[in-house]
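Taking it in order: structure first as structure tokens, then the write-up.
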Amino acid sequence: MIPWAITRAGYNLHEISESVPFILDWIKGVKKPTVRQLEDFSKKVYLPFGYFFLAEPPKEKLPIPYFRTHNNHSQQVSINIYDTILIMQQRQDWLREYLSELEYNKLPFVGKFHISNGNNIKEIVYDIRNTLGLNDDWANQFKTWQEALENLIQHIEDIGIIAVFNGVVENNTHRPLSVEECRGFVLLMNLPHLCLSITLIANLPKSLQLFMN
């Protein structure tokens, strides 16, 4: 379990042995960690304490389709990206209950087009722009990328989509999100009410954030 936890957190054995001096003895079975040591280690590798009492490492599967950038075809993600997706799903679960109590209407544009139907790209782009209430040259009225992005986000949220920007896991500045690994993701919450949320990595240049929205 300990070697798996180290790899999962993105460390190598040499790196972590500098801050956890008895780690090699734990792995070899020469020594056993105390409860306090194991608690400290679990925090360092971002793993729930109870996991260390499992017979074998759990099978963790990314809960959404994952499309890599920069021709990186690996289907594995870092623990920071993985935890961020799970955190956003937890928030979405709370929002689902809240919207259900308010009898919030479903978003009519979700699922309107499907790749298997062979829809015309121009038709889809027109429909998106029309749904957002944007003119063909809407961005030309703004002097900076920032102004254009803020306006676009406002239109997006006005139709019921939640846009989130973050460059770290929750508020932990020691756990940055890499734009080389992930630039953003979309979560669709189905039944009983539809809710769409977009999470973008805040470290991206404003021009790329605008493009991805």
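Overview of results
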| quantity | calculated |
| --- | --- |
| Helices (runs of 4 or more DSSP H) completely within the stretch 1-50 that count 3 or more residues being within 21 Å of the chain's Cα centre (by Cα) | 2-8 |
| Count of the stretch 88-122 residues which are of a type in the set (K, R), over 20 Å from L62 (Cβ atoms) and surrounded by fewer than 17 Cβ atoms within 10 Å (Cβ to Cβ) | 3 |
| Flag if I85 is β-branched (V, I, T) and either in contact (Cβ under 8 Å) with a residue 60 or more places away in the chain or surrounded by 13 or more Cβ atoms within 10 Å (Cβ to Cβ) (or both) | yes |
| Residue in the stretch 140-150 that is assigned to a strand (DSSP E or B) and at pLDDT 85 or above present | no |
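Every residue, every condition in (1) of a type in the set (D, E, K, R); (2) at positive phi; (3) outside the structural domain of E181 (by TED's automatic domain parsing); (4) at pLDDT 90 or above, yes or no:
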residue: Y11; (1), (2), (3), (4): no, no, yes, no
residue: I23; (1), (2), (3), (4): no, no, yes, yes
residue: I27; (1), (2), (3), (4): no, no, yes, yes
residue: K31; (1), (2), (3), (4): yes, no, yes, yes
residue: R36; (1), (2), (3), (4): yes, no, yes, yes
residue: E39; (1), (2), (3), (4): yes, no, yes, yes
residue: V45; (1), (2), (3), (4): no, no, yes, yes
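The values are calculated or read from the model by the stated rules, or taken from the named source; none is laboratory data. Nothing here was measured: the structure is a model prediction, and the numbers come from that model. In this analysis, Cβ positions are derived from the backbone assuming ideal geometry, glycine residues included, and neighbour counts consider all displayed protein chains.
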